[in-house]
Ligand code: OAD
């Protein structure tokens with residue numbers, strides 16, 4: 001079934017030059033990747049974030065954490081961008097300033113061709129020194145151990161943001177600027193429960209943007225936005241693109 005969009009929303013999109021989009025795990029669900037909080041199938045329904053996604057967990061059980069992310073890296077590497085990712089990459093071409101802010105670490109937006117992309121929580125495929133040497137391009141993976149930094153010998157870790165860690169400064173500042181200055185803000189496939197990303201649509205609204213939510217389920221944001229579209233982003237976003245260019 002094709003999604004119907006209010007005419008005034010499409011008219012506003014056509015005259016807008018500054019659009020910001022925030023995406024979450026729901027956008028990659030149709031690529032076969034698990035979300036975090038969906039009951040039963042979400043990653044956090046099976047594991048506790050504090051056991052796998054904190055600096056303390058990495059200190060306590062580095063192998064467990066490394067293996068968890070290695071499995072997710074393999075999963076993301078084997079997945080393909082879905083029609084939602086491609087629609088966003090195509091939409092970008094129709095606006096003077098289009099900022100795609102993602103909480104996803106799977107790299108699928110970049111693989112779909114999105115250009116002005118801010119990966120707020122890092123990227124699974126990037127590996128860095130757990131001390132200060134930064135990103136490492138090559139390392140030796142011996143069986144059953146966490147690989148170490150070729151420069152200083154510290155353990156390597158995925159270049160992702162764990163709970164309790166700061167977000168990358170450039171990405172966060174640019175995302176806040178985009179939220180505060182856009183005319184339309186889309187919140188797509190995110191439960192809106194993790195800060196500071198969850199505040200971006202709120203700040204956009206406070207600064208006068210029209211806010212649109214696309215999500216399978218209701219979220220804490222749903223009652224505060226201008227338009228809500230319930231369903232799969234991989235179906236709604238291609239419909240939105242079609243309506244925009246019709
Ligand atoms: P969540 O798993 O919390 O939320 C995913 C949202 O997408 C839910 O509201 C689902 O209803 C919705 N959803 C599922 N499938 C969908 C589909 N096909 N189309 C549209 N919506 C769909 O994931 P995030 O909000 O991304 O952070 O989680 C935010 C952060 O919490 C993650 O970046 C991660 C996690 O813990 C860290 O690890 C630091």
Item checked: Checklist (1) within 15 Å of the ligand (Cβ to nearest atom); (2) buried (at least 21 other Cβ atoms within 10 Å of the Cβ) applied to residue 122, failing item -> (2)
Checklist line | the range 10-19, residues that are more than 12 Å from residue 209 (Cα to Cα) and either touching a helix residue (DSSP H, G or I) at 6+ places or on another chain (Cβ under 9 Å) or within 16 Å of the ligand (Cβ to nearest atom) (or both) | finding: 10, 14
Margin query: Return the pair list, or none, for Cβ contacts closer than 8 Å from residues in the range 126-146 that are exposed (fewer than 10 other Cβ atoms within 10 Å of the Cβ) to residues that are not in a strand (DSSP E or B), at least 6 apart or on different chains.
Written below: 138/150; 140/147; 140/150; 144/63
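Among the residues of the range 1-19, which ones are touching a residue at least 24 places away in the same chain (Cβ under 8 Å) and not in a helix (DSSP H, G or I)?
2, 3, 5, 6, 16, 17, 18, 19
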Note to self: When the residues of the range 101-116 are narrowed to those that are touching a strand residue (DSSP E or B) at 6+ places or on another chain (Cβ under 9 Å) and surrounded by fewer than 20 Cβ atoms within 10 Å (Cβ to Cβ), which ends up farthest from residue 204 (Cα to Cα)?
What the structure shows: 110
Check: When you go through 93, 97 one by one, which is the residue that is without any contact (Cβ under 8 Å) to a residue 12 or more places away in the chain and more than 20 Å from residue 169 (Cβ to Cβ)?
Finding: 93
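Kindly indicate which of 136, 211, 146 is touching a helix residue (DSSP H, G or I) at 6+ places or on another chain (Cβ under 6 Å) and not assigned by TED's automatic domain parsing to the domain that holds residue 27. Outline the logic, then answer.
On the way: 136 fails: touching a helix residue (DSSP H, G or I) at 6+ places or on another chain (Cβ under 6 Å); 211 fails: not assigned by TED's automatic domain parsing to the domain that holds residue 27.
Step by step, each of 136, 211, 146 is checked, and only 146 is touching a helix residue (DSSP H, G or I) at 6+ places or on another chain (Cβ under 6 Å) and not assigned by TED's automatic domain parsing to the domain that holds residue 27.
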Margin query: Take the residues in the range 20-56 that are within 13 Å of residue 162 (Cβ to Cβ) and touching a residue at least 40 places away in the same chain (Cβ under 8 Å); name whichever of them is farthest from the ligand (Cβ to nearest atom).
Written below: 56
Checklist line | Matching residues in the range 180-216 - criterion: being touching a residue at least 60 places away in the same chain (Cβ under 8 Å) and more than 17 Å from the chain's Cα centre (by Cα) | finding: 181, 182, 183, 184, 204, 209, 210
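Give the residue that is nearest to residue 56 (Cα to Cα), with candidates limited to residues of the range 149-168 that are more than 16 Å from the ligand (Cβ to nearest atom) and out of contact with any helix residue (DSSP H, G or I) (no Cβ under 9 Å at 6 or more places or on another chain).
Kept after step one, since they are more than 16 Å from the ligand (Cβ to nearest atom), are these residues of the range 149-168: 149-156.
With out of contact with any helix residue (DSSP H, G or I) (no Cβ under 9 Å at 6 or more places or on another chain) added as a condition, the list becomes 149-154.
Details: 149: 19, 150: 23, 151: 23, 152: 21, 153: 19, 154: 16 Å.
So, considering only residues that are more than 16 Å from the ligand (Cβ to nearest atom) and out of contact with any helix residue (DSSP H, G or I) (no Cβ under 9 Å at 6 or more places or on another chain), the one nearest to residue 56 (Cα to Cα) is 154.
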Note to self: Given (1) farther than 30 Å from residue 182 by Cα; (2) in contact (Cβ under 8 Å) with a residue 40 or more places away in the chain; (3) surrounded by 21 or more Cβ atoms within 10 Å (Cβ to Cβ), identify the lone condition not met by residue 73.
What the structure shows: (3)
Next item on the list: Those residues that are surrounded by fewer than 24 Cβ atoms within 10 Å (Cβ to Cβ) and either within 20 Å of residue 223 (Cα to Cα) or more than 16 Å from the ligand (Cβ to nearest atom) (or both), I need them from the range 172-193; list them, please.
Entry: 173, 174, 176, 177, 180, 181, 183, 184, 188, 191, 192, 193
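The values are calculated or read from the model by the stated rules, or taken from the named source; none is laboratory data. Predicted, not measured: the structure shown is a model, and the values here were computed from it. Reconstructed Cβ throughout: ideal geometry from the backbone, glycine too, with neighbour counts over all protein chains shown.
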